[in-house]
1. Collect the residues in region 24-66 that are of a type in the set (Lys, Arg) and within 26 Å of residue 103 (Cβ to Cβ), keeping them in residue-number order.
2. So residue 55 passes all but one of these: (1) touching a Gly at 6+ places or on another chain (Cβ under 6 Å); (2) modelled with pLDDT under 95. Which condition number does it fail?
3. For region 44-62, how many residues meet the condition of being in a loop (DSSP other than H, G, I, E, B) and either on the phi < 0 side of the Ramachandran plot or not small (Gly, Ala, Ser) (or both)?
Amino acid sequence: MGDAGPAGMPDHKNLTDEEYVRMGVRLREAREFLSLSQESVADALKIPRASVSAIESGKRKVSSLELRDFARLYRRPLVSFYDRYEGAAPAESEADQALYRAVRELSEDDKEQVLKFAEFIKTSGQAPARRKPT
């Protein structure tokens, strides 16, 4: 990864081609996490859909201003799209992403119930093994 820029941010202009590819993967994952289409992202950012596709596949480098706009749209810290560095959050698993999508449109009361159930599961220990029919 490139040298640190202002305020500990990676120096965007010194990224390698491989780092841009990995950044594109993280951008795609963030978009999919929010269940957004490339078309809706392109409309929101006022860039062609083909540019979103090319950025996500690493075929086109994303400018620092575009990356800022992606981060705002995806409600993620700018640094979360760079290669891992100190303080970076771990990537969400597919299960985390599915849970997020499943609960994000629930009412606040329903979200509270899901949270209570998750806490119950966490504190109740391992479920007993299922008996095999004989």
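1. Within region 24-66, the subset of a type in the set (Lys, Arg) is 26, 28, 31, 46, 49, 59-61.
Those that are of a type in the set (Lys, Arg) and within 26 Å of residue 103 (Cβ to Cβ): 26, 28, 31.
2. (2)
3. So in region 44-62, the residues in a loop (DSSP other than H, G, I, E, B) come out as 46-48, 57-62.
Narrowing further to those that are either on the phi < 0 side of the Ramachandran plot or not small (Gly, Ala, Ser) (or both): 46-48, 57, 59-62.
Residues that pass the stated criteria total 8.
Conditions tested, residue by residue: (1) outside the structural domain of residue 30 (by TED's automatic domain parsing); (2) modelled with pLDDT under 80; (3) within 22 Å of residue 29 (Cα to Cα); (4) among the aliphatic types (A, V, I, L, M).
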| residue | (1), (2), (3), (4) |
| --- | --- |
| 88 | yes, yes, yes, yes |
| 100 | yes, yes, yes, no |
| 105 | yes, no, yes, no |
| 109 | yes, no, no, no |
| 113 | yes, no, no, no |
| 116 | yes, no, no, no |
| 120 | yes, no, no, no |
| 130 | yes, yes, no, no |
| 134 | yes, yes, no, no |
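The values are calculated or read from the model by the stated rules, or taken from the named source; none is laboratory data. These numbers come from a predicted model, not from an experiment. Virtual Cβ from ideal backbone geometry, glycine too; neighbours counted across all protein chains shown.
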